[in-house]
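The structure appears right after this line, and notes come after that.
The values are calculated or read from the model by the stated rules, or taken from the named source; none is laboratory data. All values derive from a computational prediction rather than experimental measurement. Because the Cβ atoms are built from the backbone with ideal geometry, glycine has one as well, and the counts that use them run over all protein chains shown. Note: areas computed on protein heavy atoms with side chains; ligands, DNA, RNA excluded. Shrake-Rupley method; radii C 1.70, N 1.55, O 1.52, S 1.80 Å.
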Amino acid sequence: MACHNIMILSLLAITFTLVIAFEPSPLQDFCVADPTSSARVNGLACLDSKLVQANHFFFSGLHVPGNTSNPLGSTVTPVTVGQLPGLNTLGISLARIDYAPWGVIPPHTHPRATEILTVQQGKLFVGFVTSNPDNRLISKVLDMGDVFVFPVGLPHFQQNIGTGKAVSLSTLSSQNPGVITIANAVFGSTPPIADDVLAKAFQVDKSVITRLQAQF
């Protein structure tokens, strides 16, 4: 009997952990972010509801193309809680992505969100890599109107493989999904990761690591 009770409690504990693994549902109609608050919470403190206005739930300009004149040939226009305070506690955000011909969004992860991408214009090659030990690449060519999902936390990328510009729209399952660009994190950390660690990890000479770190 005692063993049976322990098993039930263990299952309940696991279930509870899974339930709270992602952002909790709001406990009120809304919690507009108050960036001026000094309160330390998991997220942003709520603005006094009496001060809330329509503009706290409004963002303008997502129709404007982003500037892709950079080495990657892409740019992201985010609409997270940082740009739209009314998203606070709602567990959702948005991003417009513009691509020059052959422009890329390099391999990256969103530690707190699943991403669902819709192609608005052009043709994209997209994919994600599964976790160890398989490290399987799951990829597909997308045309206008196609939709693809990147599971939470997995490295993924996008590339414009058309002859013209491309545009996609992504919805993410967090008000603040976070972005970890793999190359920037590995070769551009502050302070830098020791070159002997990276040389052994990538099985290359330290001089290669030094050149790569200089790029970031």
inquiry  = Computing the accessible area with a 1.4 Å probe over protein heavy atoms, can you report the carbon and sulfur percentage for region 65-119?
reply    = 66 percent
request  = Show me 165-174, 58-67, 123-132, 206-215 ranked by packing, highest mean number of other Cβ atoms within 10 Å first.
outcome  = 165-174, 123-132, 206-215, 58-67
task = Mind putting a number on the dipole of the chain about its Cα centre? Charges go on the C-beta only, +1 for Lys and Arg and -1 for Asp and Glu, and I need it in Debye to the nearest 20.
result = 240 debye
ask   = Which value, in Å², gives the accessible area per residue of the chain when a 1.4 Å probe is used on the protein heavy atoms?
value = 63 Å²
request  = Give me the number: length gained by fully extending Arg40 to Lys165, i.e. 0.36 nm times residue separation minus the C-alpha to C-alpha distance, one decimal in nm.
outcome  = 40.8 nm
note = 1/(1 + (r/R0)^6) with r = Cβ-Cβ of Ser207 and Ala54, R0 = 35 Å, i.e. FRET efficiency to nearest 0.05, evaluates to 0.05
task = Give the ranking of Ser74, Ser25 by solvent-accessible surface, highest area first, calculated with a 1.4 Å probe.
result = Ser25, Ser74
